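Below: one structure, written as structure tokens.
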Amino acid sequence: MKNLWEGIIQAPLSGRAPKPRTVGLTMVIDKGLSLAETENLLEMSAAYIDFIKLTFGTTALYQAAVLDRKIKIASQQGIPVYPGGTFFEIAHWQNNSERYFRKLGELGFKWVEISDGTIDLAPDQRRRAIETAFKAGLMVITEVGKKNPARQPAETDLIAMIKNDLEMGVSWVIIEARESGQGIGIYDSQGGVVAEKLNRFKEGIPPEKVIWEAPLKKQQAKLINEFGPNVNLGNIPPAEIMALEALRLGLRSDTWPYNSSPSVAPPGS
């Protein structure tokens, strides 16, 4: 916009953090993009992507050369690639988490996600996993919440877990919502934000350290309107990256503060 539309159109929402950034993160969910698809995605959207998550344990399905190339393609744009938390959970379940962390480093990964969305991790096990990942030279993102709607912990328990993780030095904590964004975390069965749940998190944790999984547009718009353009959002489908960035800038009606006064006078006035 600065190059093409300077002096004509200004983003209605101001203050969007530029890259490299620690707020306003956008994490993309990658279910198996080819190398060509990855290159095409980054050609259009690299400026708006902060992490690429290889989800569903798909990291196990890559040929070595393809995985290496994907990590390098993204790294050239300053975008880390990392496996989803379920991959760690399987390694932990098979008593191989330490070897798993070492292998990630050998393959060129710089980040790891530690979660217990399917398995149960006792607090001391969670701490040991984080410490071991750090010792392996990895930067850590954790995730809280269960994938099964019937097993959702209370918000107070999740807030306590988030605080403990942050005190240990993890960079961000993801709040689980799965790919569907329905009936999990702060969302109801239709994907709407439950205000009471959101408010409990707002009161208990620093928003800049949380990544909200928000695969649906109505969730993204609600969280941007609640926290501003620099809210951290995850599980964004690759095809929706530029549409999300338009939401962050107020270029769509869902987040355009139309009833407020323009921040600049119209050109020629």
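Read-outs: derived from the displayed coordinates by stated rules, not from any lab. Because the structure is a prediction, the values reported are computed rather than measured. Here the Cβ positions follow ideal geometry from the backbone for every residue, glycine too, while neighbour counts run over all protein chains shown.
Side notes on the structure shown:
- Here ASP30, ASP68 are screened, and the one residue that is touching a residue at least 60 places away in the same chain (Cβ under 8 Å) and acidic (Asp, Glu) is ASP30.
- Residue within the range 158-171 that is in a strand (DSSP E or B) and hydrophobic (A, V, I, L, M, F, W, C) present: no
- Residue list for the range 162-175, restricted to those being within 18 Å of the chain's Cα centre (by Cα) and buried (at least 16 other Cβ atoms within 10 Å of the Cβ): ILE162, ASP165, LEU166, VAL170, TRP172, VAL173, ILE174, ILE175
Residues checked against (1) under 22 Å from the mean Cα position of the chain (by Cα); (2) closer than 30 Å to LEU35 by Cα:
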site	(1), (2)
ILE90	yes, yes
TRP93	no, no
ASN96	no, yes
ARG99	no, yes
LYS103	no, yes
GLU113	yes, yes
THR132	no, no
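- One residue from ARG178, ARG248, ARG200 being farther than 27 Å from PRO18 by Cβ, buried (at least 18 other Cβ atoms within 10 Å of the Cβ) and either small (Gly, Ala, Ser) or in contact (Cβ under 8 Å) with a residue 24 or more places away in the chain (or both): ARG178
- Strands (runs of 3 or more DSSP E) fully within the range 1-87 that include at least 1 residues being within 16 Å of the chain's Cα centre (by Cα) and basic (Lys, Arg): 51-54.
- If you go through the range 227-245 and keep only what is in a helix (DSSP H, G or I) and either over 15 Å from GLY15 (Cβ atoms) or in contact (Cβ under 8 Å) with a residue 40 or more places away in the chain (or both), you end up with PRO238, ALA239, GLU240, ILE241, MET242, ALA243, LEU244, GLU245.
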